[in-house]
């Protein structure tokens, strides 16, 4: 018998790579999908997850938050929104602080419009110039005429203020408002009230203030008096002697451009023969320039008398002083 020869291949069959795609139909599908992905036709949720990466849906279910870029928002953090009323306090107080000065005015919210009028009427910016508003807020032909350089504010816009204080707190060293007087350009009394401080009075300072315990029986509470006074001062040019002390007692700050302090007017000192850079008392200036005696006797000062004397001193150098302020606005 002839030998039988078998051609048998005992080598291991070639294994298909696991990474090799499936059949031709599947390969065509994959190529088409990749083309759609490249064009951006497919949505993000339809894209297959990368090997070893967690799917977005799983991350969100696990409590992960989307980044700003995922949500289509710029990564820059937003600034906190500031409400119109401010972070704290009433709307009236917040606006009073921004427009009228420090937030310590303590003006009631219902006085918001009045207090706002101070800075709005006293504005000398571009808006006021465009409307032809003068420095003191006067409008019309009269206001325009007085808006000229060196021309004083209109008399209706001028008032003089003087306050008397008593002592409160430890040893009576804290000054508190006890009387407030306001007079017009002509010296007529607009406001004159005794004021009851919020803290107990320790020292009446009668020798200087003229305040006695009986005056407190019908005195106006401080908050009410403050509201009444700020309504009168709104938009006015206020004249006073060392007037920062009066404003401090009122817990108020008047716009500097609308304030005239006779203790800080070098022209007055020059006229009276005193050094220009020295604060001279109201009593000495009144005697030297007006030949009037004020603050005499032992009954104490009168805030009405002092306010009238202050206005008369202002009138002595009114035109020169206003012209000086117009030429040197930084000194207002």
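The values are calculated or read from the model by the stated rules, or taken from the named source; none is laboratory data. Nothing here was measured: the structure is a model prediction, and the numbers come from that model. For neighbour counting, all protein chains shown are included, and Cβ atoms are generated from backbone atoms with ideal geometry for every residue, glycine included.
Taking the stretch 148-217 as the region of interest, the strands (runs of 3 or more DSSP E) fully inside it that hold 1 or more residues being within 30 Å of residue 320 (Cα to Cα) are 158-168, 174-184, 189-196. Screening the stretch 218-272 for helices (runs of 4 or more DSSP H) wholly inside it with 2 or more residues that are out of contact with any helix residue (DSSP H, G or I) (no Cβ under 7 Å at 6 or more places or on another chain) and crowded, with 19+ Cβ neighbours inside 10 Å returns the ranges 222-233, 243-250.
Might you check whether a residue that is modelled with pLDDT under 95, under 32 Å from the mean Cα position of the chain (by Cα) and either surrounded by fewer than 17 Cβ atoms within 10 Å (Cβ to Cβ) or in a loop (DSSP other than H, G, I, E, B) (or both) occurs anywhere in the stretch 284-307? No, that holds for no residue.
Scanning the stretch 293-314 for residues that are more than 16 Å from residue 263 (Cβ to Cβ) and free of Cβ contacts under 8 Å to residues at least 40 places away in the same chain yields 293, 296, 297, 305. How many of the residues in the stretch 180-211 are loosely packed, with under 15 Cβ neighbours inside 10 Å, free of Cβ contacts under 8 Å to residues at least 60 places away in the same chain and closer than 20 Å to residue 294 by Cβ? Selection size over the stretch 180-211: 2. In the set 271, 260, 223, which member is farther than 26 Å from residue 209 by Cα, in contact (Cβ under 8 Å) with a residue 40 or more places away in the chain and more than 19 Å from the chain's Cα centre (by Cα)? The match here is 271.
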